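Visitor: Mind having a look at this structure? Questions to follow.
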Amino acid sequence: MKRLAPYCAPRDKRWVMALLGLTTAVEFFENSLFVFSSSHIQGGVDAGPQEFVLAVAAYACASMLVIMKQAWLAHRLGYRNFLGAALALFALGALASGFCNTPDQLILCRGIQGLGGGALFTSSRILINLMFSPKERGTAVRYFMIAIFSVSALAPALAGTWIENYSWRWVFWGVVPLAAVASLGCWLWLPVVVPKQQHGGEFTPLPLIAFGVGVISLQLALSEARFDFFAYPLHFALFVLLGVATLSWFTWHQYRHPSPVFVLRGLNNQVYLTGLGLYFIHYFLANFSNYLFPIYAERAQGVPVETAGWLNTFASVVSFLVILAYLRWASRFKQKKPLMLTGVFALAACSLAFSFMPPGMPLSAFFLPLIAKGLFGVLLVIPVAGLTYRELKAEQFAHGYRNKNLLRQWSGSLAQAVAAIMMQNRQAAVYDYYSGFANEFNPAFNHMIATLKAVFMHEGMPADEATRAALAQVAGVVDHQVLLIACNDLYRVLALLAVVSAGIIFAQRKLQ
């Protein structure tokens, strides 16, 4: 891989290292804000779970399209123009998302934001190899990881504060200043001249269209599965077949194409492919957990949203401290597999602790499970990141990293979609169970309503108003209990997934 022409004086190198970390951290920061605030955003635009899944998919699909054309765009625009414009587009999409009032508007604006966000992680990491000598890359990667973990750690606390004191819209608007600073830094410090890279690909829109249709079709099938699988099985099957067929054709076309946008040839290394599988496990489990926790803490356990944000930030600070320790002492751990297993078992322990935690517990009860959650945030993905690319040739690194980030976007979108649909389905199932109790033919239910009605009438309410108040209070208790049980069940599912993942990590022999 060729290096870029000199871009700045040596004294500026650490500033550029920090800039590349900040550029990537902008997207991680926004994604953390979005995932933590998902239920508030969903309610703010009055979106159902299916519509919210499409908003998540719009960002992921747009990001993946840009990731596939990253080399083509970087070569033609130059990294300065490419990343500066991408950050500006990302900020514009975030600004517009904050003004959304309907699900359709949110889907469109998240797609715009994804077009900007898709360029950031891949380009910044590739630039480390292009702009710095092998001796300098270790320092650059440390800056890179520290920026990502430190900035992301603040996101849940800020999201909770903004929602509590202002509005869910600030979850989007709050990222704009950071994106603007990073964009200005790119215009000032990044190089314009970019040597031609191999496999930049031609601008052939048909494969990109096929890829987009395939991803969206499978997301639609997933979001509609509960309603269409039995009511309209043919409708559901057509979405699945369309998605599988178009993605299969896209993969076949790219494998045979002499200048593909999605490079597959030369990346069939077993270590690399195993690393991609473990990356998928991390991103899926992390996004599933991050979607579930704020709903569990705030709505099921009754923790104020601002406090829930600080609790989540506490787990992120644990991750940040662990990454600092890892960077300091990682060389002492020749075998990385025990660290990976510790990470997934920590997530399993965290999930089981939350699944059995009764309501009304003090905040101190959250600390140990959140420490375990913070350990998982580092101990799986960082060793995987250090081992996955070690057998790739220098000219293959960019293609390998690009494909990994495609996987990151897809697995994160899939995890949030699965969590949202499972939450809805489990709530519906539990509510159906409780509805058998809450009816006028149940003497215990009638006695409860009569008792509450008498209490409200004793406080001076008219009889009709007291009846309505009693029914509303019982309905609120039932809704809360339904949500708590659904969250507990999903945490048990997450614990099971973590244990299965531990078995996969233990069985594989390529990343030790």
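Visitor: According to a simple spin-label model (label point 7 Å from Cα along Cα-to-Cβ), what is the distance in nm between Q424 and R492?
Guide: With each label placed 7 Å out from Cα toward Cβ, I get 2.4 nm.
Visitor: Still on this model: Let me have the relative contact order for the range 262-512, percent, based on Cα pairs under 8 Å that are six or more residues apart.
Guide: Contact order relative to length: 37 percent.
Visitor: Let me have the relative contact order for the range 12-191, percent, based on Cα pairs under 8 Å that are six or more residues apart.
Guide: 43
Visitor: With charges set only on the Cβ (+1 for Lys and Arg, -1 for Asp and Glu), what does the dipole of the chain come to about its Cα centre, in debye to the nearest 20?
Guide: 3120
Visitor: Oh, and also: Just want the answer: with Cβ charges of +1 for Lys and Arg and -1 for Asp and Glu, which residue in G78, N129, L92 is farthest toward the dipole's positive end in the range 1-156?
Guide: N129
Visitor: Follow-up. Once the other residues with Cβ under 14 Å from the Cβ of G111 are scored (Lys, Arg +1; Asp, Glu -1), what is the net sum?
Guide: That sum, taken over residues with Cβ under 14 Å, equals -1.
Visitor: So how tilted is helix 103-117 from the main axis of the chain? Cα-based, degrees 0 to 90, rounded to 10.
Guide: That helix lies at roughly 30 degrees to the long axis.
Visitor: Something else now. Could you quote the convex hull projected area for the chain, Cα atoms only and averaged over all directions, in nm²?
Guide: For the chain, averaging the hull's shadow over all directions gives 25.9 nm².
Visitor: Please rank R299, R328, R76, fewest neighbouring Cβ atoms within 10 Å first, as an exposure proxy.
Guide: With the fewest neighbours first, R299, R328, R76 line up as R328, R76, R299.
Visitor: Could you work out the percent of alpha carbon pairs in the range 262-512 separated by over 23 Å, rounded to a whole number?
Guide: 60
Visitor: Here is a follow-up. Taking 60 Å as R0, compute the FRET efficiency from the Cβ-Cβ separation of M457 and V499 and round it to 0.05.
Guide: In this case the efficiency is close to 0.70.
Visitor: Within the set of other residues whose C-beta is less than 13 Å from the C-beta of I504, count the net charge using Lys and Arg as +1 and Asp and Glu as -1.
Guide: So the environment of I504 carries a net charge of +3.
Visitor: Quick check on the range 12-191: take the gyration tensor over C-alpha atoms, sort the square-rooted eigenvalues as a ≥ b ≥ c, and tell me if it's rounded (a/c under 1.5), prolate or oblate.
Guide: Prolate shape, in that a/c is at least 1.5 and a/b is the bigger ratio.
Visitor: Let me ask something else about it. What's the local net charge at S355, with K and R +1, D and E -1, over the other residues with C-beta under 14 Å away?
Guide: Within the 14 Å Cβ shell, the charges total +2.
Visitor: Rounded to the nearest 0.05, what FRET efficiency do L267 and L234 give with R0 = 35 Å and r taken as the Cβ-Cβ distance? Could you check?
Guide: Using R0 = 35 Å, I get an efficiency of 0.40.
Visitor: OK, next. Under a Cβ-only charge scheme (Lys and Arg +1, Asp and Glu -1), can you give me the dipole magnitude of the range 12-191 about the Cα centre, in debye to the nearest 20?
Guide: With only Lys, Arg, Asp and Glu charged at Cβ, the dipole is about 800 debye.
Visitor: Further question: Please order V478, V56 by the number of other Cβ within 10 Å, starting at the fewest.
Guide: Ranked by crowding around the Cβ, least crowded first: V478, V56.
Visitor: Which lysines does K69 reach when only Cα atoms under 18 Å apart count, and residues fewer than 8 places away in its own chain are ignored?
Guide: Result set, ordered by chain and number: K196, K404.
Visitor: Kindly put T102, T122 in sequence by how many other C-beta atoms sit within 10 Å of each C-beta, fewest to most.
Guide: In order of increasing Cβ crowding within 10 Å: T102, T122.
Visitor: I've got another one for you. If I stretch the segment between S435 and D464 completely, what's the gain in nm (0.36 nm per residue apart, minus their alpha carbon distance), one decimal?
Guide: Full extension of this stretch gives 8.2 nm more.
Visitor: Further, regarding this structure: Towards the positive end of the charge dipole of the range 262-512, with charges on Cβ (+1 Lys, Arg; -1 Asp, Glu), say which of A398, L496, I449 has the farthest Cα.
Guide: A398
Visitor: Starting from the Cα of I209, step 7 Å along the direction of its Cβ; do the same at W249; then give the gap between the two resulting points in nm.
Guide: 1.0
Visitor: Between rounded, prolate and oblate, where does the range 299-349 land on the alpha carbon gyration tensor, with a ≥ b ≥ c its root eigenvalues, rounded for a/c under 1.5, else prolate if a/b exceeds b/c?
Guide: Judged from the Cα gyration tensor, the range 299-349 comes out oblate (a/c at least 1.5, b/c at or above a/b).
Values in this text are rule-based calculations from the coordinates and carry no lab data. If you're wondering where the values come from, they're calculated on a predicted model, not measured in any experiment. Please note: Cβ atoms are built from the backbone with ideal geometry, for glycine as well, and neighbour counts cover all protein chains shown.
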